[in-house]
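Trainee: Take this structure first; my questions come after.
The values are calculated or read from the model by the stated rules, or taken from the named source; none is laboratory data. Source: prediction; values computed, not measured. Cβ placement follows ideal geometry from the backbone for every residue including glycine, while neighbour counts extend to all protein chains displayed.
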Amino acid sequence: MDIRLQRVDANRWKIPRTGAMRVDGLIFSNEHLIKAVREDQSLQQVANVATLPGIVGHSLAMPDIHWGYGFPIGGVAAFELQEGIVSPGGVGYDINCGCRLMSTALSAADVAPSLRELVPALFTGIPSGVGSSGVLFLSKAEEAQVAVRGAAWAVQQGFGTPEDLARTEDGGAMPGADPAVLSERAVKRGLDQLGTLGSGNHFLEVQVVDTIYDAAAAAAFGLSAGQVTVLIHSGSRGFGHQICDDFIKIMGQKIHQWAIELPDRQLVCAPLTSGVAQRYLAGMACAANYAWANRQVLMCLARETMLRTLGITPRELGMQLVYDVCHNIAKQEEHTVNGQKMQVCVHRKGATRALSPGHPLLPRIYREAGQPVLIPGDMGTHSYVLAGAKGAMLETFASSCHGAGRVMSRSQALKRARGRSISRELDDKGIVVHSRGKKTLSEEMPEAYKDVSQVVEVVHAAGLARKVARLTPLGVIKG
Amino acid sequence: MSKLKLGQSEIKLLNHTADFGVVVRSPSLEDLFQDAARYMVRSMVAFPEGRGVLHRTHLDVCSADLADLMVRWLGEILYLFQGEGQLLAAAEVEEITSAGLSAEVELIPFDPALHEIRFEIKAVTYHQIEVAEQDGCWEARVIFDV
């Protein structure tokens, strides 16, 4: 399929419906960012998603779009419940990969003298890396509780407070989770990975708020200039990977009976009305809840490490959860399509929910400001806190971008990093980094990512989410 | 695209923006499956030859076609590492058709003191998966989620 891209305005590009596409593609991007998008295969992926049964509105892509597998990363698509489908590949292997931001009562000056002790202490205190085991070893019965109750299970075990749940998407527990649908392999892989960061692009970052764009929203989120924050990026670990993998294989065996033509086998899916789709959604919810419990535990491990290393009291640290939001998920939500309210299954694959002010699903504390949208950048520049805006409700099924988005393959990044010390380069910028290996740092080096500020400018200008605060890294740990 | 040799096969790395892809080219279908699995494991973990206690086991994998077989076979090898902590040291495919394969595999328990982890592969994907015979050789294209 030849991809014809039409510019709509400064921040929107359209792929007109052709061939098997059921709807147009709509990409949020600017003149600069779209150049890299044209060079990989992500536009083709936007068009492929547009061919899936029951898709409504547009096949959407956020400005951090890049080539994924099946769906593009940064892709959003909503499907009507009677004719539509759910696609495990449209959620991704790392179900409920997401971000959690905590504010503190500390300033950068409070942390700076201890940063070289704090970052290695965080690295030691928070299990990370491939297949790492956590501080918790669950029985199968406990794992089932985690899968159903999510972050609330962690709170009950002493990891955090009930107030944290109101500051977590879906209260940290997606309804409909059913551990009975899980394979033995999935169950086994979840037993020892709760409270682990993972590897690759997962990280924990100590940051400072360097700019406030929207004072009222920042105040509502508990953010102020000069304040230290902590950002965690992690997901459902091997538990979620296995659940996705299991259902891709199950649906692959059944796809012919539904007569669904797939332009890419990774887009394998099942009609939402089918039993297998319902079982996948029940399993996906288990993984989503596991991920929320995981980030709840990780937050507490970070808090304990900071208290111990900085030698301060909980009151002096003043750590408070700002928000926890997922960016790999499929959810049944109500949206307005062609002027009519309807229930749809929204897939967000590398995209963040962004509810606008006043939305009934928002906790009372954020109802006026809108939902906090957490956008991690690369480890050498900035991250952003945004607030959901009206445009997202109108155009993107309440979705925004999820990060900077890669622009360079891992092998290109390794080549570019040859002969350099990425760790020293970051250190020269005042950012202390601790990682398991040089290779991860090279693959994840700042140049491998798009300019996150440009990505954020697009969603801000397009009215999907508005800028609230900018965060600069002080210290980073990576698996 | 960089190239390297492994066993009887030639491996080319694909420049995928977010993930990790390879094209494996081999003189036979058996070599293709054996070497794709060995390469996948060696790209994740560096381990010295001849160290660690080997044990042998038998694997049977069923499939709808050869491309499906490649994803399922590599998925089994990946699970042995991720779920069981066993690294593939060697594989001998004894029988292979588009409906499945039988193989004898040699495994070494993963030992963090001996084995250096290079990076994580989360899953073997069906994205752009291909297995085909070309000019007397077998070629597979596989993209991994990392």
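Trainee: Is it the case that the stretch A:401-424 has a residue that's of a type outside the set (Val, Ile, Thr), over 15 Å from the mean Cα position of the chain (by Cα), assigned by TED's automatic domain parsing to the domain that holds A:GLY200 and at pLDDT 95 or above?
Mentor: Step one: of the stretch A:401-424, the residues of a type outside the set (Val, Ile, Thr) are A:401-406, A:408-421, A:423-424.
If we keep only those that are over 15 Å from the mean Cα position of the chain (by Cα) too, we end up with A:408-421, A:423-424.
Narrowing further to those that are assigned by TED's automatic domain parsing to the domain that holds A:GLY200: A:408-421, A:423-424.
Among the residues that remain, those that are also at pLDDT 95 or above are: none.
No, the conditions are met nowhere in the stretch A:401-424.
Trainee: Another question, then. In the list B:ALA64, B:ALA89, B:ALA140, which residue meets the criterion of being outside any helix (DSSP H, G or I) and buried (at least 22 other Cβ atoms within 10 Å of the Cβ)? Walk me through it before giving the result.
Mentor: Numbers: B:ALA64 fails: buried (at least 22 other Cβ atoms within 10 Å of the Cβ); B:ALA89 fails: buried (at least 22 other Cβ atoms within 10 Å of the Cβ).
None of the other options fit; the residue is B:ALA140.
Trainee: Take the residues in the stretch B:92-130 that are within 12 Å of chain A (Cβ to nearest Cβ) and in a strand (DSSP E or B), then tell me which one is farthest from B:TYR79 (Cα to Cα).
Mentor: The qualifying residue farthest from B:TYR79 (Cα to Cα) is B:GLU130.
Trainee: Considering only the stretch A:422-442, state which residues are out of contact with any Leu (no Cβ under 9 Å at 6 or more places or on another chain) and either in a loop (DSSP other than H, G, I, E, B) or surrounded by 17 or more Cβ atoms within 10 Å (Cβ to Cβ) (or both). Please lay out each step first, then the result.
Mentor: First, pick out the residues of the stretch A:422-442 that are out of contact with any Leu (no Cβ under 9 Å at 6 or more places or on another chain): A:424-425, A:427-429, A:436-438, A:440.
Correct list: A:LYS429, A:ARG436, A:GLY437, A:THR440.
Trainee: Which of the residues that make up the stretch A:312-332 are acidic (Asp, Glu) and buried (at least 16 other Cβ atoms within 10 Å of the Cβ)? Steps first, answer last, please.
Mentor: Filtering the stretch A:312-332 down to residues acidic (Asp, Glu) leaves A:316, A:324.
Correct list: A:ASP324 only.
Trainee: Would you mind listing the helices (runs of 4 or more DSSP H) fully within the stretch A:124-222 where at least 3 residues are surrounded by fewer than 21 Cβ atoms within 10 Å (Cβ to Cβ) and within 23 Å of the chain's Cα centre (by Cα)? Steps first, answer last, please.
Mentor: On the way: elements: A:140-149, A:151-156, A:162-166, A:184-190, A:215-221.
In the stretch A:124-222, A:162-166 are the helices (runs of 4 or more DSSP H) which contain 3 or more residues that are surrounded by fewer than 21 Cβ atoms within 10 Å (Cβ to Cβ) and within 23 Å of the chain's Cα centre (by Cα).
Trainee: Name the residue, out of A:GLU184, A:GLU142, A:GLU205, A:GLU163, that is among the acidic types (Asp, Glu) and either under 27 Å from A:ARG367 (Cα atoms) or touching a Cys at 6+ places or on another chain (Cβ under 6 Å) (or both).
Mentor: On the way: A:GLU184 fails: either under 27 Å from A:ARG367 (Cα atoms) or touching a Cys at 6+ places or on another chain (Cβ under 6 Å) (or both); A:GLU142 fails: either under 27 Å from A:ARG367 (Cα atoms) or touching a Cys at 6+ places or on another chain (Cβ under 6 Å) (or both); A:GLU205 fails: either under 27 Å from A:ARG367 (Cα atoms) or touching a Cys at 6+ places or on another chain (Cβ under 6 Å) (or both).
Exactly one residue qualifies, and that residue is A:GLU163.
Trainee: Look at the stretch A:450-479 and say how many of its residues are within 16 Å of A:VAL385 (Cβ to Cβ) and not in a strand (DSSP E or B).
Mentor: Summing the residues that are within 16 Å of A:VAL385 (Cβ to Cβ) and not in a strand (DSSP E or B) in the stretch A:450-479 gives 8.
Trainee: Pull out all pairs, ordered by first then second residue, where Cβ-Cβ is under 6 Å, the residues are six or more apart or on different chains, the first lies in the stretch A:368-381 and is on the phi > 0 side of the Ramachandran plot, and the second is crowded, with 24+ Cβ neighbours inside 10 Å.
Mentor: Close Cβ pairs (under 6 Å, with a partner that is crowded, with 24+ Cβ neighbours inside 10 Å) amount to A:GLY370/A:ALA387; A:GLY370/A:GLY388.
Trainee: What strands (runs of 3 or more DSSP E) completely inside the stretch A:1-90 contain at least 2 residues that are more than 26 Å from A:ILE260 (Cα to Cα)? Steps first, please.
Mentor: Working: elements: A:6-9, A:12-15, A:25-28, A:55-66, A:73-80.
Fully inside the stretch A:1-90 and qualifying: A:6-9, A:12-15, A:55-66.
Trainee: Go through the stretch A:392-416 residue by residue and tally those that are touching a residue at least 24 places away in the same chain (Cβ under 8 Å) and within 14 Å of chain B (Cβ to nearest Cβ).
Mentor: First, pick out the residues of the stretch A:392-416 that are touching a residue at least 24 places away in the same chain (Cβ under 8 Å): A:392-408, A:410, A:412-414, A:416.
Subset that is within 14 Å of chain B (Cβ to nearest Cβ): A:402-408, A:410, A:412-414, A:416.
Residues that pass the stated criteria total 12.
Trainee: Would you check which residues across the stretch B:40-61 are among the hydroxyl-bearing types (Ser, Thr, Tyr), within 14 Å of chain A (Cβ to nearest Cβ) and either in contact with a strand residue (DSSP E or B) (Cβ under 6 Å, 6 or more places away or on another chain) or loosely packed, with under 14 Cβ neighbours inside 10 Å (or both) and list them? Talk me through it step by step, then tell me what you get.
Mentor: At the first step, the residues of the stretch B:40-61 found to be among the hydroxyl-bearing types (Ser, Thr, Tyr) are B:43, B:57.
Add one more test, that the residue is within 14 Å of chain A (Cβ to nearest Cβ), and what stays is B:43.
Listed by number, the list is empty, since nothing qualifies.
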